[in-house]
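A quick write-up on the structure given underneath.
The values are calculated or read from the model by the stated rules, or taken from the named source; none is laboratory data. Please read all numbers here as calculations on a predicted model, not as lab measurements. For neighbour counting, all protein chains shown are included, and Cβ atoms are generated from backbone atoms with ideal geometry for every residue, glycine included. All accessible areas refer to the heavy atoms of the entire protein, side chains included, with ligands and DNA or RNA removed. Shrake-Rupley method; radii C 1.70, N 1.55, O 1.52, S 1.80 Å.
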Amino acid sequence: MTTSSDQFVGTRPDLCAHDQIRGKCRRPGCPDGFGTPAPTGEGAQPTVPLRRVALLGTAAPTSANRDLTFHSLAEVAKEVDAAGPPRWLFKGVTVAGDYGLLYAEDKAGKTWATIDAAVSCTAGLPWLGEFACEDSGPVVVFFGEGSRRKAVRRIRAVAASKGLTREQADALPIVLCFRAPTLSNLAHLELIREALAGYGPKLVIIDPLYLAAGGAKGSDLYSMGELLQKAQHVVQEAQASLMISHHWNKGGTGDGHDRASGVGPGAWGRFLISVGVKSRRTDQETGESTVCQKWSLRGDEIPDNEIGLIRRVREERPGDLSSAMRYSVQRDDNTVTSGRQEDDLSPAERKLLGAMQAAQRPETVAQLVDRIVVQHGHGLRRETCSRALNRLAGAGLADQIAPERAGQAAQWFLVDEAAGQAA
C-alpha cells in the first residue's frame, strides 16, 4: 500500500502506528475513535508522544536534500564560459579551487611548507619564492600539531623572509584553528562550513591528515575517498582550494609519489606534492638547520615536474625560545640531478659519502669510519665498508688513490659535486 509522508502505518490498519501503547491513539482525527484531546486535570493520563513513521521513498525530495543534480552539456558549457578564464592558486602547482595533498618524509619541513603557502596566499606572493600566487586572499589553517606560540613564531619568520614587517605579518588574514577536524564528524563539517562562509578563504589547509582521518585506513580506497570527499565538497562550496598534509609511508623506497601513505589519499587528490630529504645538516656554532629537499609535483592539469630546494632555519639567538626565527628557501636543482643517481643508496653508502664530504681530502677507510663514529655514534664493519665503497665507485660517486707500496691503505674521496649533494 502506498501512503503519503503524512500517513501513519502500524500493525493494525485501523490504528495509528505512531503510538499503540494501551491500544489508544491521541492523534486528533485518528480512525480508531480515540483522537480526542488528551485529558487534563487530576488523575489524567499523560499525553503519549507522537512518532511519525514515513514509508521509505514516499517523501518527495526537496532541493535541500538533492546531492545528485543533472545538467545538460549546454548548461554546463554556458556556466563555465561565464565564469571567465581559470586561475592558478600557485602557478604550475595547483589550479584555484582544486584539492590535493602535500606529503613528505618525516621532519622534511611539511609544516614550514604549509605555513609558507598560507603566508604567500594571503600576501599575494610566490609560494617558496618559486610559484606565483594568482588567487590571493584569506586562508584558514587547521593545525593538529604544535602550539600557538610555535605557529606565530613560524608565521612571522616566513613573512619576514618575504620582506614583511612583524606588524604586517600579524595583520595577514590567516585564520587558525589549533585542532585537526574529524572529517567523519558531521558536526565538525558543519562548523567548517560556517567558518568558511564567514571568512571567505581562498585556501584551506589541514595539517596533518592522520589526525583528521579519525582512524580511517589510508589503504582502504573506498572509505578514505568517501571521507576526503566530504571535506572536499564543503571547501568547494566556499569556492576555495584544499591542501591536506600527509606523511610518507615508512616501508617504501625512493622519494616520489609512491611514498604516500595509503592508496586512498593519492587517488583522491587533484594535485600531489611529494617532498623528500636528500641531505640535512646542522651548523654546530649557529644552530642553523639546512635541508636539501626534492619536490615532486603532479596534477591533472600540470606536467610532472621535479625541483630542488634548500631550506634554512635558525634562531637569531641560539637557544633562546623567545627570539625571532630566520627562515629562507632557495632553488637548487642539483638536488634533483643528483637525487636520481642515489635513490637506492644504502645507509652505509650515505654515511661513507658524508664522511668523505666532511674530510674534504682523500682518507683511508679507517679514518672515514672514525668520522662516522663521531657523527652517528657507531662504526661500520670492514665487509660493509668494502661493499659500500665498491658500489659508490661503480656509480661514479667515489674513487680511490691506490697505495704506493705494500702495507699502505687506499685513500677514498668524492668524485664530483653530485656526490657531495648525495652526502
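A few comments on the model shown:
- Out of 117, 113, 77, 108, sole residue that is open to solvent by less than 60 Å² (accessible area, probe 1.4 Å) and part of a loop (DSSP other than H, G, I, E, B): 108
- Residue list for segment 341-388, filter: open to solvent by less than 20 Å² (accessible area, probe 1.4 Å) and either free of Cβ contacts under 8 Å to residues at least 40 places away in the same chain or in contact with a helix residue (DSSP H, G or I) (Cβ under 6 Å, 6 or more places away or on another chain) (or both): 342, 348, 349, 352, 353, 355, 368, 372, 385, 388
- Those residues of segment 107-126 which are out of contact with any Leu (no Cβ under 9 Å at 6 or more places or on another chain) and under 18 Å from residue 242 (Cβ atoms), in sequence order: 111, 115
- Of all residues in segment 256-295 being touching a helix residue (DSSP H, G or I) at 6+ places or on another chain (Cβ under 7 Å) and either of a type in the set (D, E, K, R) or in a loop (DSSP other than H, G, I, E, B) (or both), the one that is modelled with the highest pLDDT: 294
- Top-ranked residue of segment 397-407 - restricted to ones that are touching a helix residue (DSSP H, G or I) at 6+ places or on another chain (Cβ under 8 Å) and open to solvent by less than 80 Å² (accessible area, probe 1.4 Å), ranked as farthest from residue 292 (Cα to Cα): 399
- Checked against (1) over 23 Å from residue 283 (Cα atoms); (2) among the hydrophobic types (A, V, I, L, M, F, W, C); (3) in contact with a Leu (Cβ under 7 Å, 6 or more places away or on another chain), residue 369 passes all but condition (1).
- Flag if residue 136 is under 12 Å from residue 203 (Cα atoms), outside any strand (DSSP E or B) and in contact with a Phe, Trp or Tyr (Cβ under 6 Å, 6 or more places away or on another chain): no
- The residue that is farthest from residue 157 (Cα to Cα), among those in segment 301-327 that are under 22 Å from the mean Cα position of the chain (by Cα), touching a residue at least 40 places away in the same chain (Cβ under 8 Å) and open to solvent by 60 Å² or more (accessible area, probe 1.4 Å), is 301.
- Residue list for segment 187-221, filter: free of Cβ contacts under 8 Å to residues at least 60 places away in the same chain, among the hydrophobic types (A, V, I, L, M, F, W, C) and part of a helix (DSSP H, G or I): 187, 189, 191, 192, 195, 196, 197, 221
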